[in-house]
């Protein structure tokens, strides 16, 4: 059988320059599936290549454009299902209409919070591989290493123009920023909404923040203790060739809710501008839009509730729905609909810390952002490609956000630019997505980390929550996710010994694979270095950070 | 204004014999809404009457047939939403197709368990009104009083033929049975699935039951302690004129899983037979089908899992979906689709006691069967009437299961047969349903009882869980149901004093109204009396019951 497969693979490689390219190094479970399905996969790959080749032929020889929208903290069931809109008391008509034209990836797994999910989508790797599993709020002096090869770099290799607008949150050091990680152009916030919606004066007035302004100066020996949203760098803009400048703040200016609104509107406007600019050029493009809303934490100076739900995030979700409606309309107006893959999804579950003010709380799965339960890592996820991906369809096989890296690269004919010197967690899900065939997935499990610790394993419909260190594995709880979406009724006796043993072995193989491909640390550096126009207060905040960093080395 | 309304009402009553009929006595909250919307309601009623009159004109002068399917223990989100089918790992294609032709009543509230929900649907009244709030499993010697006027009796008054097949569970005394409560023909179980799926030998073998067979006869002084499913009466059949006979068991026979399957298949077959028989007659008809499945508790002698979910109830839900598909197809084949109102809904939330074996657990709302939280009383509910009710629509106003009594009566032109000498909790929701207009509902609240105690009040999107007796009302917890479907994040401080005060007043008005319309007890009697062919073991079980009943009077 092996010879047949090798022969087939060789003949494919010879006839099809767009084919998968060199073999990627994946995690152990991939090879167990491959050992069982290799022959089928060769056939499927040939069919995928044929479909992609036919598309390119129709498209003047070009692969599709890619527009990727990643929405903050939006759990499963909030978009695309009118019945659940009614349950929640708000509406997302534009996204629902989009979902009618798209495929829902029902079992899309993300990481439990912003940074790690975005790292996984950008690098195709679990964030633990390069120490990026943590989500920081304040100045931190670390970020995504420059030797990571992002999706933007892969696509650029294949001739794409690349642009990024909105959130970023992969580090506050220069090498981690989008314009230094493969994007020709980028305009993005450096930190996240902790800074931009909680640490400022409006939020203090609305009782969102505690301890920032309400302190006794007499007893305050440490002036470096409290964060100052206005001193932290906000939004930067630049190109791969430089320069990089902060664009939202003048020296001495205070950040506030109005500036948050302006920034978000500017991201939206810039996204549409970039779309038009990229569409006018010859090359295929990759446009990434990571909106900061729906997250918000104040009503300062704005209108009251905009929906029967009335939650702060929900109201902003309705606004985002309008904005995405405008984006979809612009894609249509520019004649891009048929040759553009559009991905819309959440980055992790709801931020339960802000329930019920946000208007969101976990609905179908247990837990939310930060949790490693299903509610932390299950999100709404849609992919549209008219004529190539079945409209109004769904697939229920397990997909991890890192699989978008490999799969979109495949769609772009760019797989050959994915590095083969490191472990890539993302697998190629082209066959299951293009043929709307759940059986053609190349993954049936995910290992769910919190920061740098594996916390749960999902395989098939079963989920094992790993016991804490020192706790007996016999106490580990199994859940049947089809039967119990809230992980409330453990089925240990039903799943029995084979399940426990086998899950321990899955973890063992995952860890053993790290011996060949060890985890590495993130990049460390001086925050904001390389920005041309650092404000004096920002420089002081960096100085404060450096004093804190140095304190452990005294 | 009052004069204008009276004049309008008088003119309507004069011109339209099918109109609402005499004024019903409702609960207090109804009159608060009426005081604000009376003028609009008069207009809406005129529009409803016009729509119904137009329908009858098209339909040879006849009102529509009514087919009502009430499914046991099926929570919200299990039917009609393919995305959530995928979440659960099973499929209900026929019900989903039906839902595409129907309206979803998103906020359909039932009672928390089988008997009270069925009482409310049959009588239009809260079960507490006649002491029917409890759900019994074993022989109990009480039931729905004969002086309750059921929906069947109301429709019969307006000239309908009436038939009931399946579950009943409104009492084990003769006056409570369907053939004595307005149904021309009935074939129904007397008790419920506790008897028919748990108390028998197969269930004992599969470890579903504990304590029924595994006891030490030496220490067993009380031979009357344990229930015997085979001795209890199972299924009866008869007509309004009698006789009534038990049809599923011969003397000495043992109940088992195979007989449960036979019984369910027979209910399905009989439903289709009755549909054909009723369709062939001249009169409009009311056919009620209350399947016993999806509930089941053994695999004895049957095939293994039928779905990726594989739960016992879920597998039977797929079977029921096929059966309902056959029912819908037969309605089409008989040419009844356009002149038949079809209602399909659950009777209460999932039976969490059998999670995860059942394959169901609460998905979107907190809690299940027996709980007064939303998950106990929120169900999937669809109503189809082609050309009259908007296909593939939803309304999100609050509807209580008792409203079906009044609303279906209105559709049938039978409102005049609803008694006016008692409080009717069901309100007429015709306008909101026929015009797919959420603003035209006539209810914005429900009071949720457990047996005979009010436990929660839902008004608008707010929910107050009433404090336990002796507990400070200040501790009562409010929930915003749009923001928090799992009642996890109380919003006391947000809703504040007005909410608490006003909810206490709602309860006060509800209780004050009972002074004019006091609750009455259920009917008591000798179990099974009036059945022609009582088996000897059944007679002994009744004797045992009488000994127990008499014990408190010694």
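Any residue in the range B:121-144 that is in contact (Cβ under 8 Å) with a residue 60 or more places away in the chain, surrounded by fewer than 21 Cβ atoms within 10 Å (Cβ to Cβ), away from chain A (no Cβ under 14 Å) and under 23 Å from residue A:392 (Cβ atoms)?
no
Condition (residue is surrounded by fewer than 23 Cβ atoms within 10 Å (Cβ to Cβ) and away from chain A (no Cβ under 14 Å)) applied to the range B:100-109: is it met by at least one residue?
The answer is yes; a qualifying residue exists.
Let me spell it out: the conditions are (1) more than 14 Å from chain B (Cβ to nearest Cβ); (2) surrounded by 23 or more Cβ atoms within 10 Å (Cβ to Cβ), and residue A:62 meets all of them except one. Which number is the exception?
The failed condition is (2).
Say whether the condition of being in contact with a helix residue (DSSP H, G or I) (Cβ under 7 Å, 6 or more places away or on another chain), in a loop (DSSP other than H, G, I, E, B) and under 22 Å from residue B:331 (Cα atoms) is met by at least one residue in the range B:103-120.
No, every residue in the range B:103-120 fails to be in contact with a helix residue (DSSP H, G or I) (Cβ under 7 Å, 6 or more places away or on another chain), in a loop (DSSP other than H, G, I, E, B) and under 22 Å from residue B:331 (Cα atoms).
From the list A:312, A:320, A:324, which one is in contact with a helix residue (DSSP H, G or I) (Cβ under 7 Å, 6 or more places away or on another chain) and in the same structural domain as residue A:205 (by TED's automatic domain parsing)?
Of the residues listed, the single one that is in contact with a helix residue (DSSP H, G or I) (Cβ under 7 Å, 6 or more places away or on another chain) and in the same structural domain as residue A:205 (by TED's automatic domain parsing) is A:324.
In the range B:294-320, what residues are surrounded by fewer than 21 Cβ atoms within 10 Å (Cβ to Cβ), under 22 Å from residue B:269 (Cα atoms) and more than 14 Å from chain A (Cβ to nearest Cβ)?
Once the filter is applied, which keeps residues that are surrounded by fewer than 21 Cβ atoms within 10 Å (Cβ to Cβ), under 22 Å from residue B:269 (Cα atoms) and more than 14 Å from chain A (Cβ to nearest Cβ), the range B:294-320 yields B:301, B:302, B:303, B:319.
Which residues, counting only those in the range A:145-163, are touching a residue at least 60 places away in the same chain (Cβ under 8 Å) and within 20 Å of residue A:529 (Cα to Cα)?
Answer for the range A:145-163, where residues must be touching a residue at least 60 places away in the same chain (Cβ under 8 Å) and within 20 Å of residue A:529 (Cα to Cα): A:145, A:146.
Run residue A:185 past the list (1) in contact with a strand residue (DSSP E or B) (Cβ under 6 Å, 6 or more places away or on another chain); (2) closer than 28 Å to residue A:550 by Cα and report the number of the one that doesn't hold.
(2)
Determine which single condition residue A:515 fails, assuming it passes every other condition in (1) in a helix (DSSP H, G or I); (2) surrounded by 15 or more Cβ atoms within 10 Å (Cβ to Cβ); (3) modelled with pLDDT of 80 or more.
Single failed check for residue A:515: (2).
I'm trying to understand the selection: among the residues of the range B:68-83, which are buried (at least 24 other Cβ atoms within 10 Å of the Cβ), within 12 Å of chain A (Cβ to nearest Cβ) and either in a loop (DSSP other than H, G, I, E, B) or at pLDDT 95 or above (or both)?
B:76, B:77, B:78, B:79
Quick grid of which residues meet (1) exposed (fewer than 14 other Cβ atoms within 10 Å of the Cβ); (2) not assigned by TED's automatic domain parsing to the domain that holds residue A:151:
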{"position": "A:413", "(1), (2)": "no, no"}
{"position": "A:420", "(1), (2)": "yes, no"}
{"position": "A:436", "(1), (2)": "no, no"}
{"position": "A:444", "(1), (2)": "no, no"}
{"position": "A:469", "(1), (2)": "yes, yes"}
{"position": "A:476", "(1), (2)": "no, yes"}
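Might you let me know whether the range A:130-143 holds any residue that is within 28 Å of residue A:384 (Cβ to Cβ) and either assigned by TED's automatic domain parsing to the domain that holds residue A:238 or outside any helix (DSSP H, G or I) (or both)?
Taking every residue of the range A:130-143 in turn, none turns out to be within 28 Å of residue A:384 (Cβ to Cβ) and either assigned by TED's automatic domain parsing to the domain that holds residue A:238 or outside any helix (DSSP H, G or I) (or both).
Name every residue in the range A:467-482 that is closer than 30 Å to residue B:77 by Cα and either at pLDDT below 90 or away from chain B (no Cβ under 14 Å) (or both), in order of residue number.
A:476, A:477, A:478
Residues that are more than 14 Å from every other protein chain (Cβ to nearest Cβ) and touching a strand residue (DSSP E or B) at 6+ places or on another chain (Cβ under 6 Å): which strands (runs of 3 or more DSSP E) entirely in the range A:350-450 hold 2 or more of them?
Correct list: A:381-384, A:445-450.
Among all residue pairs at least 6 apart or on different chains, which show Cβ distances below 8 Å where the first residue, located in the range B:24-40, is on the phi < 0 side of the Ramachandran plot and in contact (Cβ under 8 Å) with a residue 24 or more places away in the chain and the second is surrounded by fewer than 13 Cβ atoms within 10 Å (Cβ to Cβ) and in a helix (DSSP H, G or I)?
B:28/B:512; B:39/B:4
Say whether the condition of being over 29 Å from residue A:362 (Cβ atoms), in a helix (DSSP H, G or I) and more than 14 Å from every other protein chain (Cβ to nearest Cβ) is met by at least one residue in the range A:521-535.
Scanning the range A:521-535, I find no residue that is over 29 Å from residue A:362 (Cβ atoms), in a helix (DSSP H, G or I) and more than 14 Å from every other protein chain (Cβ to nearest Cβ), so the answer is no.
The values are calculated or read from the model by the stated rules, or taken from the named source; none is laboratory data. Keep in mind the model is a prediction, meaning the values are calculated, not measured. Here the Cβ is made from the backbone with ideal geometry for all residues, glycine too, and neighbour counts use every protein chain on show.
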